[in-house]
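The values are calculated or read from the model by the stated rules, or taken from the named source; none is laboratory data. No experiment lies behind these values; they were computed from the predicted model shown. When we count neighbours, we look across all protein chains shown, and the Cβ atoms used for this are built from the backbone with ideal geometry, even at glycine. The protein model used for the area step is the full one, side chains on, heavy atoms only, and it has no ligands, DNA or RNA in it. Shrake-Rupley method; radii C 1.70, N 1.55, O 1.52, S 1.80 Å.
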Amino acid sequence: MGATAGFLYPGYSAEDDYPAFQRLLGDDVTLRLVHTLMREDAHRVDALLDVGGPDVLAEGARTLREQGIDAIVWACTSGSFVFGWEGAARQVAGVREVAGVPASSTSFAFVNALRHLGLARVAIAATYPDDVAQRFVEFLRDGGVEVTSMASRGIVTAAEVGTLPAADVLGFVAGNDHPDAEAVLVPDTALHSAGILDALEERLGKPVLTANQVSVWEGLRLAGETSARSGLGTLFRTGSPVAA
């Protein structure tokens, strides 16, 4: 039986990316997703601190533990980086304690993916409001990542982000690349990206890391599954493991 990775996903917006990843990955691995409580759908710091609260995540982690998983990821970028590097680490430690398996979050997954690829300079194409996106910049810098440029689209709700069509996403990401960036990061798990990973990289001519992509990669990595796979961008085509 292959590795099973569990994902805590806030609310409903692009959760269908996960069954899409499952189809692309094949049946030798299993992705399990549990929706966590979102009392208010808002890319606003106070709301995000609530979305990533320990009580909310513990409830979801208990559910996934009962389903049987080898690793768990809090699949929310903004709901992890708003806590800062140390706060996000405490958040992951709490999830790990409840679930009883290795744990991470999307924010750490971005940093681990960059380390895995040997990249350190990035551009950010964020759908968030600027003040929230700036916190992601700070988080990355704490992780040793140099941010060459940051664009914020100013969308307040995850629900709206989830409705963006593929052509719109391609244009937005391509329009916010930077010549000095070794990769472009697209940090919102509310954004659909499973079906356009290779198209994004072909358009930009460099690695593109999206939130749901790095979340799935991180979950499988922690579960011990590090095989190279095609159709999911540069990150999945390189199969060697990386230390968290």
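In this structure, does Ala211 turn out to be aliphatic (A, V, I, L, M) and at pLDDT 95 or above?
Details: aliphatic (A, V, I, L, M): yes; at pLDDT 95 or above: yes.
It is true that Ala211 is aliphatic (A, V, I, L, M) and at pLDDT 95 or above.
Looking across segment 105-117, the residues that are of a type in the set (A, V, I, L, M, F, W, C) and either open to solvent by 10 Å² or more (accessible area, probe 1.4 Å) or over 24 Å from Leu232 (Cα atoms) (or both) come down to Phe108, Leu117. Residues in segment 90-104 that are touching an Asp or Glu at 6+ places or on another chain (Cβ under 8 Å) and surrounded by 24 or more Cβ atoms within 10 Å (Cβ to Cβ): Ser104 alone. Total residues in segment 200-225 satisfying the condition of being assigned to a helix (DSSP H, G or I), open to solvent by less than 10 Å² (accessible area, probe 1.4 Å), in contact with a helix residue (DSSP H, G or I) (Cβ under 7 Å, 6 or more places away or on another chain) and not β-branched (Val, Ile, Thr): the figure is 6. If you go through segment 123-158 and keep only what is open to solvent by 50 Å² or more (accessible area, probe 1.4 Å), within 22 Å of Val51 (Cα to Cα) and not in a loop (DSSP other than H, G, I, E, B), you end up with Asp130, Asp131, Gln134, Arg135, Glu138.
So, Ala120, is that one open to solvent by 20 Å² or more (accessible area, probe 1.4 Å) and within 16 Å of Val184 (Cβ to Cβ) or not? Answer is yes for this residue. The condition of being open to solvent by less than 10 Å² (accessible area, probe 1.4 Å) and assigned to a helix (DSSP H, G or I) holds for only one of Leu185, Leu197, Leu170, Leu232, that being Leu197. Taking the criterion of being of a type in the set (D, E, K, R) and over 16 Å from Gly52 (Cα atoms), the only residue of segment 95-120 that qualifies is Arg115. Every listed requirement among (1) assigned to a loop (DSSP other than H, G, I, E, B); (2) out of contact with any Asp or Glu (no Cβ under 7 Å at 6 or more places or on another chain); (3) surrounded by fewer than 19 Cβ atoms within 10 Å (Cβ to Cβ); (4) not aromatic (Phe, Trp, Tyr) is met by Gly2 save one, (2).
Pairing residues of segment 178-199 that are over 21 Å from Glu138 (Cα atoms) with residues that are of a type in the set (S, T, N, Q) and modelled with pLDDT of 95 or more, at Cβ distances under 7 Å and at least 6 apart in sequence or on separate chains, gives Leu191/Thr210; Ser193/Thr210; Ser193/Asn212; Ser193/Gln213; Ala194/Asn212; Leu197/Thr210; Leu197/Gln213.
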